[in-house]
Amino acid sequence: MKAIWSVTVRQLLRGKVSTGFAFLSVLLSSVLLSSVLLGGDSLVYTLNVKYYSEFALVAMAAVKLLLCVLLAGTALMIRGGFWLSLERRTRMLGQLASVGATPAQLRASVLLEAALLGVVAIPLGMLVAVLGLQVGLFAMNQTQGIQTITNGQGIQLIVQADRLAAAALWCTLALLLAAWGPARRAARLSPMQAMRPQLQSVPKQKGKRAPASAVRLLAKRARQRAPGRYRVLSLGLGMSAALILMAFTFNQAMVRYYDVSHAPFPYRIYIWGDQDAEYPGEMLQQVAGAVPDKPGMVTELFEQYHGLQEDKMINTLQIVLEDEDFERWYGQPLTGQQGTVPVVWASAVSDISPEELSEETLVWNFAGPQIAVAGTSDAPLPNGVRQESAEENKLVLTLVTSRSAFEASGITFGKGEIRSYAVYWDVRDGREITRAVEPILAGCGLGYAIQDFTPTGHTYLIGNGVRILLTVFCGGFAAVVLLTSTANILSTVSSGMLQRRRELSLLLSAGMSRRQMTRMLAWECLGYGVRGLLWGIPAGLLLAWLVTEVLMTLPLSSALSPAALLTPVLCVGAVSALALLVSLRMLRRFSILEGLAQRD
């Protein structure tokens, strides 16, 4: 075992470039896993100190899913370094096997290489993750949105011994998964296979039509001679694309979840009480006039469900306006009579028309008068008066009547039923209204909810804080994923170019120009880049579906954006282009004579 130890250390020191890239891959993977685990714990702890808020639950579930995905993703991305190390050391391992090394000792050699890299890279990666999180959280805590989310305390970085141990365990598990496959292959090596590896790499004939261009044919043959190397490249790029697509989709879903830019009204106070109670007209007028220079508009709301149409719910929203407000909107008063409630169809805020519903659906919720459509108006309702939110799975018919016509119908309500009211304001700053109406609402004896979607409201500030938090998180996550993938790809490409010096020198000596060789390498890079996207985009869409549809119950189509689909493509293209540049730089330094003298 002492000999295996000394040989492994010597091989690590000799392969400076490949060892450096492998170390960088393990380091960045450790940074990525530690950042997600420690950052997720800190976020959940800060938002969820005393109770499970909805955002904390979603964040906790997303962190758990992300850790599981990252465990497999980082293992795949750093796996390439160990496969290339195995290819580089195949002859040496064969020599060890020929002098009596057992399969267990050969396997231990690869696992020892992983352990030596991990002993240094994992603690260093955890330290970098802690420092990076500390700097990032300090910068985010200076924003008003983050202060609003955390009630002024900011997001505190939680660094505890058990969490550090958990982060080290996750990083070690990813490293073990990455090294286990190459270690098993090393244990199965025979001396003959190791001494003549080229016998195992004959291109497979699949009966497909050969490319018309000789350059493309050579690129195809290169991929067929080393399928493992190109599989590692494609899987690394594919996993990067999948993780980046999932991160950006999660970002878009959370931003949409907290987005109030499409709120149907800027400010509303929603009030409810028993139906058999008297109409609280005096109290509602006090609330509406609490700020004299910003009067509100009083309404009474009734909503009734009628069934399904094309998998969408059909509802009627019946709004009662005060006489002055109704006449200002409709242009004329509305006269009521006993047994009938005249209504006006508000077509501007309706998804369907009265003609699309049967007559029996146009019946008031409660016993008594019937509804009669007395007119139509395409004018928008003032102050954003409408249903609470525009839902994609709902079709709403909006009917409006006046207070006098409503009461003249002689309508009565069932005992114990809930009666709903709302006061609307069209303002940009609702803080003054909130301060003025809270004392009135506190003593009214009815339930109420203040819904402030103005730029100074609590909901808007929370959404802004969530947007900042997710932008930093997803941007940093994508950057570390891209760096990890880049280190893996460059390690694979540079090691592959070193191993192919004899092949490339033979092609140059046979008359192939440098320009043709550049095109051949470009076709190879394009091949594994496209293959990575073909694997990564569907995997990313599957992960995005799990996050949006399962965790957040949002349709995937609402969270997908052109930017989320385009970013992985651009990232994979940039990494592939960088790999080509590295290959061309190494090619310019090749000596044909040294390449021809290279032994297999």
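All of 580, 490 fail the test of being within 23 Å of residue 25 (Cα to Cα), touching a Cys at 6+ places or on another chain (Cβ under 7 Å) and in a helix (DSSP H, G or I), apart from 580. The single condition from (1) at pLDDT 70 or above; (2) crowded, with 20+ Cβ neighbours inside 10 Å; (3) assigned to a helix (DSSP H, G or I) that residue 131 fails is (2). All conditions but one from (1) touching a helix residue (DSSP H, G or I) at 6+ places or on another chain (Cβ under 7 Å); (2) closer than 30 Å to residue 481 by Cβ; (3) modelled with pLDDT of 65 or more; (4) surrounded by fewer than 21 Cβ atoms within 10 Å (Cβ to Cβ) apply to residue 64; the one that does not is (1).
The requirement of being touching a helix residue (DSSP H, G or I) at 6+ places or on another chain (Cβ under 9 Å), at pLDDT 85 or above, under 15 Å from residue 485 (Cα atoms) and not hydrophobic (A, V, I, L, M, F, W, C) is not satisfied by residue 527. Scan the range 521-566 residue by residue and report those that are in contact with a Lys or Arg (Cβ under 8 Å, 6 or more places away or on another chain), over 27 Å from residue 577 (Cβ atoms) and assigned to a helix (DSSP H, G or I). Listed by number, the residues that qualify are 558, 559. For residue 104, the conditions (1) in contact with a Leu (Cβ under 8 Å, 6 or more places away or on another chain); (2) modelled with pLDDT of 70 or more are fulfilled apart from (1).
Which of the residues spanning the range 274-299 are at pLDDT 80 or above and outside any loop (DSSP other than H, G, I, E, B)? Working first, answer last.
First, the residues of the range 274-299 that are at pLDDT 80 or above: 279-299.
The answer is 281, 282, 283, 284, 285, 286, 287, 288, 297, 298, 299.
Residue pairs whose Cβ atoms lie under 9 Å apart, separated by 6 or more positions or on different chains, with the first residue in the range 472-485 and in contact (Cβ under 8 Å) with a residue 12 or more places away in the chain and the second open to solvent by 50 Å² or more (accessible area, probe 1.4 Å), are 472/139; 474/248; 478/248; 482/574; 483/24; 484/24. Are any of the residues in the range 407-415 open to solvent by less than 50 Å² (accessible area, probe 1.4 Å), at pLDDT below 80 and among the small types (Gly, Ala, Ser)? Yes: one or more hits. For the range 444-486, a tally of residues being within 18 Å of the chain's Cα centre (by Cα) and either open to solvent by less than 50 Å² (accessible area, probe 1.4 Å) or not basic (Lys, Arg) (or both) returns 19.
Suppose we filter 526, 560, 490 for residues that are open to solvent by 20 Å² or more (accessible area, probe 1.4 Å) and under 23 Å from the mean Cα position of the chain (by Cα); which single one remains? Break it down stepwise before answering.
On the way: 526 fails: under 23 Å from the mean Cα position of the chain (by Cα); 490 fails: under 23 Å from the mean Cα position of the chain (by Cα).
Matching residue, one of 526, 560, 490: 560.
Restricting the range 533-557 to residues that are within 30 Å of residue 504 (Cα to Cα) and modelled with pLDDT of 90 or more, which is most open to solvent (accessible area, probe 1.4 Å)? Don't jump to the end; show me each part of the working.
Residues of the range 533-557 within 30 Å of residue 504 (Cα to Cα): 533-535.
This time we only want the ones that are modelled with pLDDT of 90 or more, so: 533-534.
Values: 533: 40, 534: 121 Å².
Per the stated criteria, the residue is 534.
The values are calculated or read from the model by the stated rules, or taken from the named source; none is laboratory data. Owing to the predicted nature of the structure, the values given are computational and were not obtained by experimental measurement. Note that we place each Cβ from the backbone using ideal geometry, even for glycine, and neighbour counts take in every protein chain shown. What goes into the accessible areas is simple: the full protein's heavy atoms, side chains included, and nothing from ligands, DNA or RNA. Shrake-Rupley method; radii C 1.70, N 1.55, O 1.52, S 1.80 Å.
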